[in-house]
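What follows is one structure encoded as structure tokens, with my remarks underneath.
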Amino acid sequence: MNETSYDLVVVGAGTGMLAALTAAEDGLSVLIVEKSQYFGGSTALSGGGFWIPGNSLLREAGLLDSPERAREYLRNVTAGETPEARWETHIVHGPAAVEVLRRRTPLKFQWMAEYADYFPELPGGSATGRAMEPKPFDVRRLGEDRALLRPPALAAPFPMPVSGKTFRWVNLVARKPRGIYTAAKLLGLGVGGLAIRREYVAGGGALAAGLFAGVRAAGIPVWFNSPLKDLVVENGKVTGVVVTRDGKDVTVRASRGVLLSAGGFDRNAELRHEYQSAQLDTSWCFGNPENTGDTIAIAQAAGADLAFMDEAWWFPAVPIPGPMPGTLLAERSLPGQIIVNQQGSRFMNEAVNYMSAGHELIKQQLPVWMVFDQRFRNHYMFCSSVFPRQPLPKSWYDAGIAVKAGSVAELASRVGLPELAATVQRFNLLAASGRDDDFHRGDSAYDRYYGDPTIVPNPCLGPIDKGPFYAVQVVPGDLGTCGGVRADGFARALRPDGIVIEGLYASGNAAGNAFGRVYPGPGATIGQGLVYGYVAARHAAGKLRDYPVTAAA
Ligand SMILES: Cc1cc2nc3c(=O)[nH]c(=O)nc-3n(C[C@H](O)[C@H](O)[C@H](O)COP(=O)(O)OP(=O)(O)OC[C@H]3O[C@@H](n4cnc5c(N)ncnc54)[C@H](O)[C@@H]3O)c2cc1C
């Protein structure tokens with residue numbers, strides 16, 4: 001067996017790349033081992049937004065905030081599900097993690113203005129938003145490494161670097177001049193860039209590419225196609241890893257520790273059925289196909305406790321046959337649609353944030369149905385792929401995930417939704433009054449962010465009355481699971497008795513969600529991957545001895 005030695009081994013080249021950059025800055029020798037042939041993981045496939053309150057980028061964008069307000073907010077949203085010393089790290093160390101991102105990558109950033117926290121009305125919440133994202137990045141700057149960036153499952157129809165900030169307007173292309181202007185500008189950047197041999201990528205592709213550029217600049221070795229196979233444990237302390245490389249097992253000593261940042265168990269059907277729901281299908285995930293939770297199982301075998309294994313970053317989806325389900329984000333905030341259960345009744349505020357929506361979906365007999373009319377179809381994008389007025393794809397009808405009918409009664413009978421006609425009648429009354437007395441859709445600043453600003457008084461409400469009528473299946477998809485190794489505020493793995501496993505750290509989706517069962521705001525998952533990776537590296541370097549105090553969960 002070959003053997004080699006580093007100070008820190010980072011397992012997984014997603015948000016963990018920031019941990020590697022931090023460790024290198026602190027003078028540690030660091031190795032990244034990555035299971036696949038690509039860097040980036042789900043991070044590369046994501047929107048790339050990060051929710052890290054109080055960082056310098058937000059301050060420079062003019063956002064006034066304070067650690068006290070962010071602390072109050074997290075105390076309210078986490079609701080005691082996770083120890084304060086665990087999430088306190090995000091507030092205390094988040095801003096410094098962003099400084100490493102700024103110092104060690106070539107990325108520039110923009111504020112996602114008005115993209116509200118997901119519970120903005122709770123004390124400490126922000127309706128103006130606390131999320132940043134990278135500006136579109138020219139991935140040709142990576143040179144040959146461009147080929148190593150994890151590609152999306154579906155190629156975009158146009159070279160158009162749509163970011164979180166611009167998505168809102170592109171979605172309203174048929175409603176607002178700003179939508180047309182934004183789409184044209186992005187198309188210009190995409191197509192125009194190619195003409196001058198630049199390839200602008202937005203969101204998570206930009207973030208992952210920028211992190212990797214930093215990794216290369218810092219001279220950090222990355223072993224691709226090298227999955228973690230086991231941990232080396234000596235006297236209860238993790239002192240290294242065994243990875244499979246070129247078909248051989250290689251032991252790598254890690255004198256300061258091992259960071260598991262290998263993502264969740266998104267694609268592991270067995271674990272998902274065991275911990276979450278027998279109804280789930282792993283083809284409803286949007287994330288990295290390589291995330292099968294291997295490292296979570298390996299950590300458990302080494303004595304680590306697990307937390308929040310029943311949770312995921314749920315995201316309502318249309319189970320479109322093929323490589324990717326359809327996303328339902330802005331659609332749920334827009335007028336002219338409702339989501340109903342198999343009785344044909346509404347059961348939630350459709351516009352609520354996607355993780356909370358998933359919590360409601362998972363309780364239902366699946367699938368549930370989004371019901372909308374032709375006006376909705378004429379006005380808005382659907383699943384980020386069907387343009388306004390464009391017919392829904394024939395393959396959706398063939399697969400039975402979409403049904404179209406001339407009247408609500410006919411739709412109800414064809415799908416089998418006995419209460420639908422009464423539900424639509426009631427909803428249309430509420431829409432006319434501009435107030436959703438039943439589920440409060442449009443009351444929150446979060447709901448209204450993706451609403452249609454041309455509709456008053458409530459940008460989220462409008463009647464379903466212009467035929468033909470449609471029903472499309474909805475299932476609880478996800479952006480990844482968020483249960484994993486139970487960790488403390490230093491990202492150290494804990495045993496079931498709360499004792500730290502020396503030398504073992506976990507961050508991102510390989511760890512139990514630092515925020516318990518909630519998604520506090522846009523970018524909270526990448527935010528926590530970056531921050532807890534940073535903290536793990538600083539701790540491994542011996543730079544964080546005193547704060548925060550470890551608390552057993
Ligand atoms: C479409 C989409 C949009 C999203 N948008 C956002 C957003 O805007 N903001 C936000 O905060 N979150 C977003 N998310 C969620 C977010 O992307 C993920 O939660 C986050 O990127 C997870 O980061 P990670 O580092 O834990 O995992 P990953 O980024 O998936 O990285 C894990 C890496 O580990 C590797 N790996 C797996 N197993 C092993 C092994 N055994 N050995 C070695 N390596 C291994 C994987 O191949 C992968 O490269 C989005 C997700 C998706 C899919």
- Message: Checking ASP7 against (1) within 28 Å of LYS108 (Cβ to Cβ); (2) part of a strand (DSSP E or B); (3) away from the ligand (no atom under 16 Å from the Cβ): exactly one of these is not met. Which one?
- Response: (1)
- Go through (1) assigned to a helix (DSSP H, G or I); (2) within 15 Å of the ligand (Cβ to nearest atom); (3) open to solvent by less than 60 Å² (accessible area, probe 1.4 Å) one by one and return the number of the condition LYS165 breaks. (3)
- Message: Please go through segment 359-375 and give me each residue that is surrounded by fewer than 24 Cβ atoms within 10 Å (Cβ to Cβ) and not in a strand (DSSP E or B), ordered by number.
- Response: HIS359, GLU360, ILE362, LYS363, GLN364, GLN365, LEU366, PRO367, GLN374, ARG375
- Number of the condition not met by GLU114 [criteria: (1) more than 21 Å from ASP145 (Cα to Cα); (2) within 16 Å of the ligand (Cβ to nearest atom); (3) open to solvent by less than 20 Å² (accessible area, probe 1.4 Å); (4) in contact with a Phe, Trp or Tyr (Cβ under 8 Å, 6 or more places away or on another chain)]: (3)
- Task: Among the residues of segment 117-162, count how many are part of a loop (DSSP other than H, G, I, E, B) and either under 14 Å from TYR200 (Cα atoms) or within 15 Å of the ligand (Cβ to nearest atom) (or both).
- Result: 18
- Note on the structure: When (1) away from the ligand (no atom under 15 Å from the Cβ); (2) open to solvent by 20 Å² or more (accessible area, probe 1.4 Å) are applied to LEU45, the one that fails is (1)
- Name, by its number, the condition in (1) outside any helix (DSSP H, G or I); (2) on the phi < 0 side of the Ramachandran plot; (3) touching a Lys or Arg at 6+ places or on another chain (Cβ under 9 Å) that does not hold for ALA208. (1)
- Being farther than 17 Å from ALA302 by Cα and either assigned to a strand (DSSP E or B) or touching a Lys or Arg at 6+ places or on another chain (Cβ under 6 Å) (or both) is the filter here, so list the residues in segment 489-511 that pass it. GLY489
- Scan of segment 326-352 for residues that are part of a loop (DSSP other than H, G, I, E, B), surrounded by fewer than 24 Cβ atoms within 10 Å (Cβ to Cβ) and within 16 Å of the ligand (Cβ to nearest atom), ordered by number: LEU329
- Task: Any chance you could count how many residues in segment 376-409 are surrounded by fewer than 18 Cβ atoms within 10 Å (Cβ to Cβ) and part of a strand (DSSP E or B)?
- Result: 2
- Query: If you check ASP230 against the conditions, is it more than 24 Å from the chain's Cα centre (by Cα), within 15 Å of the ligand (Cβ to nearest atom) and open to solvent by less than 60 Å² (accessible area, probe 1.4 Å)?
  - Reply: no
- Task: Among residues belonging to segment 476-510 that are of a type in the set (A, V, I, L, M) and within 16 Å of the ligand (Cβ to nearest atom), point out the one that is farthest from THR295 (Cα to Cα).
- Result: LEU479
- Message: Just the residues that are touching a residue at least 40 places away in the same chain (Cβ under 8 Å) and away from the ligand (no atom under 16 Å from the Cβ), please, taken from segment 189-212.
- Response: LEU189, GLY193, ARG197, ARG198, GLU199, TYR200
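The values are calculated or read from the model by the stated rules, or taken from the named source; none is laboratory data. Source: prediction; values computed, not measured. As a convention, Cβ positions derive from the backbone with ideal geometry for all residues, glycine included, and neighbour counts pool all protein chains shown. Note: areas computed on protein heavy atoms with side chains; ligands, DNA, RNA excluded. Shrake-Rupley method; radii C 1.70, N 1.55, O 1.52, S 1.80 Å.
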